[in-house]
Amino acid sequence: MLTSSIIDQLKAIIGPENVATDRQDLLCYGYDATQMEFLPDAVLHPGSPEEIAAILKLANRENFPVFPRGAGSGFTGGALPKGGGVVLVTTRLNRILRIDTENLIAEVEPGVVTEQFQQAVERLGLFYPPDPASLKFSTLGGNVAENAGGPRAVKYGVTRDFVMGLEVVLPTGEIIRTGGETYKGVVGYDLTRLLVGSEGTLGVITKIIFKLLPFPEAKKTMLTIFDSIDGAARAVSTIVGNKIIPTTLEFMDHATLQCVDRRFTLGLPATARAVLLIEVDGDPELIEKQTAKIHEVVKPLGLVEFKVAKDAAEAEALWKVRRLVSPSLRDVNPNKYNEDIVVPRSKVPDVIRSIERIQQRYDIPIVNFGHAGDGNIHVNVMIDKEIPGMEEKAHQAIEEVFRAALELGGTMSGEHGVGLAKQPFIPLELSPVQIATMQSIKKALDPHNILNPGKMFPA
Amino acid sequence: MDPLKRVENELKKCVKCGACRAHCPAFAALQREPAVARGKVALAQHLLKGDITLDDQTYTAMSKCLLCGSCVEKCPNDVPTDEIVMIAREALAQQRGLTTFHQAVGRVIRNRRLMSFGALAAAILGPLFFRKVPATSGLRLRFPLPFIGTKRHIPQLARTPFLARHPEVIPGEPGKPRIVYFVGCMTNFVYTEVGEAALALFRHLGCTVIIPKDQQCCGLPAMSGGDLATVRELAEKNLAALEKYDADYVMTACATCGGALHKFYPALIGKKHPELAERIGAIAAKTVDAAQLLQQLGFRPGGTAAGDELTITYHDPCHLRTRNITRQPRELLTAAPGVALTEMEGADKCCGLGGTFNVYHYETSLKINEAKSAAIERTGAAAVVTGCPGCMMQLSDGLKQRGARTRVMHTLEVLARSLR
Ligand SMILES: Cc1cc2nc3c(=O)[nH]c(=O)nc-3n(C[C@H](O)[C@H](O)[C@H](O)COP(=O)(O)OP(=O)(O)OC[C@H]3O[C@@H](n4cnc5c(N)ncnc54)[C@H](O)[C@@H]3O)c2cc1C
Ligand code: SF4
Ligand code: SF4
């Protein structure tokens, strides 16, 4: 519990209007997209890195935990104040500080919403490719802390690939800069890379320098329908094998298609068993050629239909199939666990087959879709929390899904991180020495275990 | 907490994804989680569980909603946050009693004498501004009393209310549709030209237009305060008034009134009072927006004497947008001779009025409005056109405060020009 003296000191640092302790506020900052809930003792809305530094220094002195939070759209509970403490919200740090069109870099504060940043750079003909499905509401700070990915990762990479430098308040309250504004730079350890994806356990990100690209001249969207999951999966490796890296290669399995169709009547052919949504971008002539080539090479793989969008409206219609997935799932069961395993591209059919077996064994519906281009599959375990015993069964099924992914040389999380949700499973993937190494880094930076304690590793 | 039981299942649908953060105008202005749909849903869940009480903080959080329905429209799980907020407000009103302001709102909008034709006009004849309106009159309470005389711009009242100007039944050609017109307070007392335009357009089409004299306020001001008893009383009276003639359509040219008849009566009154549900459903099924109906009846804005050139931009009123009436007004407007439409950025974003929201949260309402006015100005259009007299008032306030010269017009006014 925070004493009233600590609350007063916090108020002195950031202003009383930026310290919330009403129960209503606490309840509103105790959840995220995992739907787990833990109540903080106070919610702080700091307005500058210096204020954050002062808060962390106070936390070290008075020994209370601090939980950084962006939009609270995380899928693993990373921002949740388990055990109590203060939630530190970055919403007020929401300025795009500069967009440098000469050097193609931008500097932003962490509370900027991803889509707003994208739109701002696009207005200048530039491009920030990372596009998590939560981009309309998640923050850039949250994206960096989780190393968020999205459908364009196949071609452009994930958030990490665009972070050139950071300003960070360390858990002990010092402010440092990492990386910088140059592409090259080899002096010292790469702290930027260490901090990206650190899930708010190693520092509070207060500024981010992003690399930008020119906005691609044109794009083409196509929907390819296959009569088997193998056909779709082989299509992915065949396309890449033909030296075409599409911008996106989104995949939906039979169960997913059925879900969407039940609600929205897609009018897919009866033989459709899997769908790939493919997009290529770049030079208009090149993408014409690529589109033709893709059609040619996937034809022999059990292709049922190949639709190419003629214009933006048609492209949107094709994307709609993908976008409808999420709202359709709840018809299967009201609650879901959304896991985001990754396997090597070629292993996608194998892992899907393993998941089908797991689903039969546990008799729980599992719906798979995701980013086939990088082997990142969203495994949606659909449950009804009201049915006794189903939740427990789901947990076991999920563990088996992780094991299946790991056996195929994959990982149990491609984008959502570990947080609280995957913490119990971390020893499945990491060796004791790996875990100990990571914990010693945490200890060195955060000797009093003030910042986001209890996440990633057991407390 | 009893009222919330009615939405217990709806409350469970929220998965806390946060998608509503991108669409909630209250959140955009306030940037605090209790202001966003997700937060309000969470608070309603905890209210139901009994973890929090109906104290001032709960009251404040629940008051920060414009009932614009943006969240409902974009929520991947169809969580009806607007309905949940209204029901939470009902619970608040039941347990804490209504605020003096909302008590007054209820008293006034229930007052037949004030709302029925002529009486108000008689009481306030003259070149009146709101500040000169007697304190007991409906309009001073319906609209932001505490700010009158500050920076807010308030429209002038009509000398004679719309309902006082016309007979109850205006016969049309035989065989043509019979339309009951639900006028609404704003059109009746302030923007009577909207009513005149509606009349002209539907008479032009040969329709019989019926304007029941005993129609009342739709009740939205009371609804937004959680005073469902008043809403029920008004709903019953309105049902009686609208049922009296066996018409083909119940037409409104006010998005808010349309929203009340079409959506909020069924959701709030129908579910709570099953004895009224069928009648409410029947009226809801007949309720159409004027633009929607014009298009359905094949109206073509044409004519030779179209009038001067007019550049416009169109603002989507929330309560039309959430009923999917966005295409019809645009199609009609662009078909009108001499009219050129330029889309503004965020045409579908709420203007910030939100019923009594703008009484309690005027600064926030203004902030939402500022973004809107700026977007309107950037189009360079001579007029901003919309389908809700409530929005018209809010938009003029915002534009005037910026010193913009942009006119504010109703869709029907623009269309009626082509009849000249
Ligand atoms: C519908 C939906 C779709 C999604 N789709 C994707 C997707 O396609 N790809 C993907 O990768 N993720 C996805 N996510 C997950 C989530 O949106 C991302 O993890 C996102 O990056 C989280 O951002 P946030 O601002 O909400 O962070 P929060 O949830 O608030 O926090 C996430 C973590 O970041 C830390 N953090 C936040 N800000 C800072 C900061 N300034 N400094 C240090 N640490 C900080 C927190 O402590 C926490 O550990 C999705 C989520 C939802 C609900
Ligand atoms: S109300 Fe809808 S959009 Fe908002 S958090 Fe809940 S489920 Fe998500
Ligand atoms: S109705 Fe509008 S203001 Fe209210 S919570 Fe939903 S989006 Fe926000």
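The values are calculated or read from the model by the stated rules, or taken from the named source; none is laboratory data. Everything numeric in this text was worked out from a predicted model, so none of it was measured. With ideal geometry, Cβ positions are generated from the backbone for all residues, glycine too; neighbour counts draw on all protein chains shown. For the accessible areas, the whole protein counts, side chains as well, though only heavy atoms, and no ligand, DNA or RNA atoms are used. Shrake-Rupley method; radii C 1.70, N 1.55, O 1.52, S 1.80 Å.
Below are the figures for this structure:
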{"item": "Label-to-label distance, nm, for residues given as B:E278 and B:N77 (7 Å Cα→Cβ offset)", "result": "3.6 nm"}
{"item": "HN-Hα J in Hz across the stretch A:241-257 - Karplus 6.51, -1.76, 1.60, θ = phi - 60°, x for Gly and Pro", "result": "x, 8, 6, 10, 10, x, 5, 9, 9, 9, 10, 9, 8, 4, 4, 5, 4"}
{"item": "Accessible surface of the stretch A:96-214, 1.4 Å probe, proportion on carbon and sulfur as whole %", "result": "52 percent"}
{"item": "Integer Hz, Karplus 6.51/-1.76/1.60 couplings in order for the stretch A:272-287, x for Gly and Pro", "result": "5, 10, 7, 10, 10, 9, 10, 9, 10, 9, x, 4, x, 5, 4, 5"}
{"item": "Dipole magnitude of the stretch A:333-407 about its Cα centre (Cβ charges: Lys, Arg +1; Asp, Glu -1), debye to nearest 20", "result": "220 debye"}
{"item": "Per residue value of the accessible surface for the stretch A:333-407 (all protein chains in place, 1.4 Å probe), Å²", "result": "41 Å²"}
{"item": "Whether the protein assembly as shown is rounded, prolate or oblate, judged on the alpha carbon gyration tensor where a/c under 1.5 counts as rounded", "result": "prolate"}
{"item": "13 Å beta-carbon shell around B:H204, net charge (K/R +1, D/E -1)", "result": "+3"}
{"item": "Solvent-accessible surface (1.4 angstrom probe) belonging to B:Y362, in square angstrom, nearest 10", "result": "10 Å²"}
{"item": "Computed E for A:T21/A:A436 - FRET, C-beta separation, R0 35 angstrom, nearest 0.05", "result": "0.40"}
{"item": "Reciprocal of mean inverse Cα separation for the stretch B:156-230 (Kirkwood radius, Å)", "result": "13.4 Å"}
{"item": "Computed label-point distance, nm, for sites A:H295 and A:E386 using a 7 Å Cα→Cβ extension", "result": "5.0 nm"}
{"item": "Threshold 10 Å² - residues in the stretch B:76-91 whose accessible area is reduced by that much or more when the chain is no longer isolated, probe 1.4 Å", "result": "B:P76, B:N77, B:D78"}
{"item": "Ellipticity estimate at 222 nm from DSSP helix runs (n ≥ 4, -39,500 (n - 2.57)) divided over chain A, nearest 500", "result": "-10500 deg cm²/dmol"}
{"item": "Within 10 Å of each Cβ in B:45-51, the average number of Cβ atoms from other chains", "result": "2"}
{"item": "Model label zone, A:H448; criterion: amide N under 15 Å from point 7 Å along Cα-to-beta-carbon; scope the stretch A:38-74", "result": "A:52-67"}
{"item": "Angle between chain A longest axis and helix A:4-14 axis [Cα atoms, degrees, rounded to 10]", "result": "70 degrees"}
{"item": "Expected-Rg normalisation [2.2 N^0.38 Å, Cα atoms] applied to the stretch B:244-322", "result": "1.40"}
{"item": "Beta bridge orientation in the protein assembly as shown: antiparallel %, DSSP, nearest 5", "result": "70 percent"}
{"item": "Dipole of the protein assembly as shown, positive direction: furthest Cα of B:A340, B:S365, B:Y181, with charges on the beta-carbon", "result": "B:Y181"}
{"item": "Dipole magnitude of the stretch A:218-327, debye to nearest 20 (Cβ charges: Lys/Arg +1, Asp/Glu -1, about Cα centre)", "result": "180 debye"}
{"item": "In order through the stretch B:323-329: 3J(HN,Hα) via Karplus (6.51 cos²θ - 1.76 cosθ + 1.60), integer Hz, x for Gly, Pro", "result": "9, 6, 9, 10, 6, 4, x"}
{"item": "Listing of the stretch A:302-344 residues, each with accessible area lower by at least 40 Å² in the full protein assembly than in the chain alone (probe 1.4 Å)", "result": "A:R330"}
{"item": "Pairs beyond 19 Å (Cα-Cα), from A:K243/A:K289; A:K243/A:K320; A:K299/A:K320; A:K82/A:K393; A:K82/A:K455", "result": "A:K243/A:K320; A:K299/A:K320; A:K82/A:K393"}
{"item": "Å² per residue, accessible surface of the stretch A:218-327 at 1.4 Å", "result": "45 Å²"}
{"item": "Rounded if a/c under 1.5, otherwise prolate or oblate - the stretch A:218-327, Cα gyration tensor axes", "result": "oblate"}
{"item": "Shape of the stretch B:294-354, Cα gyration tensor, a/c cut at 1.5", "result": "oblate"}
{"item": "Total accessible surface hidden between A and B, rounded to 100 Å², 1.4 Å probe", "result": "2300 Å²"}
{"item": "Counting all C-alpha pairs of the stretch A:119-229, share separated by more than 15 Å (%)", "result": "68 percent"}
{"item": "Within the stretch B:379-410, trypsin sites (Lys or Arg not before Pro) in DSSP loop having at most 13 other beta-carbon neighbours inside 10 Å", "result": "B:R405"}
{"item": "Given charges at beta-carbon only (K, R positive; D, E negative), |dipole| of the protein assembly as shown in Debye", "result": "2140 debye"}
{"item": "Cleavage-rule hits (trypsin sites (Lys or Arg not before Pro)) in the stretch A:359-459: DSSP loop, at most 13 neighbouring Cβ within 10 angstrom", "result": "A:K385"}
{"item": "Loop sites in the stretch A:343-439: GluC sites (Glu not before Pro), DSSP, at most 16 other Cβ within 10 Å", "result": "A:E386"}
{"item": "Accessible surface of B:K5 - all protein chains present, 1.4 Å probe, nearest 10 Å²", "result": "120 Å²"}
{"item": "Residue (of B:V209, A:L135, A:G454) at the positive-pole extreme of the protein assembly as shown, dipole from beta-carbon charges", "result": "B:V209"}
{"item": "1.4 Å probe accessible area per residue over the stretch B:3-97, in Å²", "result": "31 Å²"}
{"item": "Neighbourhood charge, 14 Å Cβ-Cβ cut-off, centred on A:N94 and excluding it, Lys, Arg +1 and Asp, Glu -1", "result": "+3"}
{"item": "Residue mean of other protein chain beta carbons inside 10 Å, B:25-38", "result": "4"}
